[in-house]
1. Of everything in the stretch 8-49 that's small (Gly, Ala, Ser) and either in contact with a His (Cβ under 6 Å, 6 or more places away or on another chain) or at pLDDT 95 or above (or both), which residue is farthest from residue 76 (Cα to Cα)?
2. Of all residues in the stretch 98-134, count the ones that are closer than 23 Å to residue 42 by Cβ and buried (at least 18 other Cβ atoms within 10 Å of the Cβ).
3. Looking only at the stretch 115-143, which residues are in contact with a helix residue (DSSP H, G or I) (Cβ under 6 Å, 6 or more places away or on another chain) and assigned to a helix (DSSP H, G or I)?
4. Just to be sure before I move on: is residue 60 modelled with pLDDT under 95, surrounded by 14 or more Cβ atoms within 10 Å (Cβ to Cβ) and assigned to a loop (DSSP other than H, G, I, E, B) in the structure I sent?
5. What number goes with the only condition from (1) surrounded by fewer than 19 Cβ atoms within 10 Å (Cβ to Cβ); (2) out of contact with any His (no Cβ under 8 Å at 6 or more places or on another chain); (3) not assigned by TED's automatic domain parsing to the domain that holds residue 192 that residue 151 does not pass?
6. Of all residues being outside any strand (DSSP E or B) and of a type in the set (Asp, Glu) in the stretch 154-190, which is nearest to residue 74 (Cα to Cα)? Just the residue, please.
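The values are calculated or read from the model by the stated rules, or taken from the named source; none is laboratory data. Remember, it's a predicted structure, so these values are computed and weren't measured experimentally. Cβ placement follows ideal geometry from the backbone for every residue including glycine, while neighbour counts extend to all protein chains displayed.
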Amino acid sequence: MTNAAWNPTSPFDFTPSATQDRDLVQQLSFVPGLKEIVMLRQVHALEHATVWVLSNQTPPNTEDNALGGMSTDEGFYLYGNVNPAQLRRAVHTALERITSGEWNLAVHPRCGTNLSVGMLLAAGVAVGTHLILPKGPIEQLLALGVAATAATQLAPDLGILAQRYITTAIPFNLEIAEIAATQDLWSRSAHFVRVRWRE
């Protein structure tokens with residue numbers, strides 16, 4: 001990866017298997033919604049990989065580089081100023097690169113997972129310190145300060161771990177179905193990259 005701003009050197013402590021998600025879905029086919037959850041994790045990784053590829057094609061600190069996405073179990077929305085032909089190439093490149101061993105493309109520092117982990121961490125530390133420290137106003141303000149500081153320091157690394165092991169999976173079982181300009185549920189302009197499950 002050529003992005004100098006953020007480049008994890010060891011994104012996974014294991015080598016993902018191309019059949020692990022397919023085997024899991026087949027063995028636990030009686031679990032309702034499991035295939036959709038697995039697809040969502042794989043789509044989330046493909047979304048991140050696509051944003052990485054597109055970000056590396058445009059100069060940093062430009063409006064064209066301000067990309068965002070939202071994953072569903074059917075595909076992902078990509079927000080930002082992007083040429084449709086460039087997006088089509090980027091999606092196929094991203095899928096090829098991530099399934100060929102560039103697993104670090106599955107993790108992105110601006111992912112909403114990092115924000116969620118930070119909020120949960122801050123809330124957990126705040127409640128914990130509230131219960132442990134005396135109930136005076138100074139002690140409680142101290143507890144909030146400790147919670148905010150802990151969340152700020154720990155959230156990025158914990159967010160990356162959450163992405164790695166919980167919210168993303170290498171998209172070995174996805175193939176691109178179509179890419180089209182659309183609007184999301186809130187009527188915002190976007191491109192939707194629709195995917196299909198393949199065995």
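1. Checked the stretch 8-49; the qualifying residue farthest from residue 76 (Cα to Cα) is 49.
2. 12
3. 117, 118, 121, 122, 125, 126, 129, 130, 143
4. Considered against the rule, which asks whether it is modelled with pLDDT under 95, surrounded by 14 or more Cβ atoms within 10 Å (Cβ to Cβ) and assigned to a loop (DSSP other than H, G, I, E, B), residue 60 comes out as no.
5. Residue 151 satisfies all of (1) surrounded by fewer than 19 Cβ atoms within 10 Å (Cβ to Cβ); (2) out of contact with any His (no Cβ under 8 Å at 6 or more places or on another chain); (3) not assigned by TED's automatic domain parsing to the domain that holds residue 192 except (1).
6. Restricting to residues being outside any strand (DSSP E or B) and of a type in the set (Asp, Glu), the top hit is 184.
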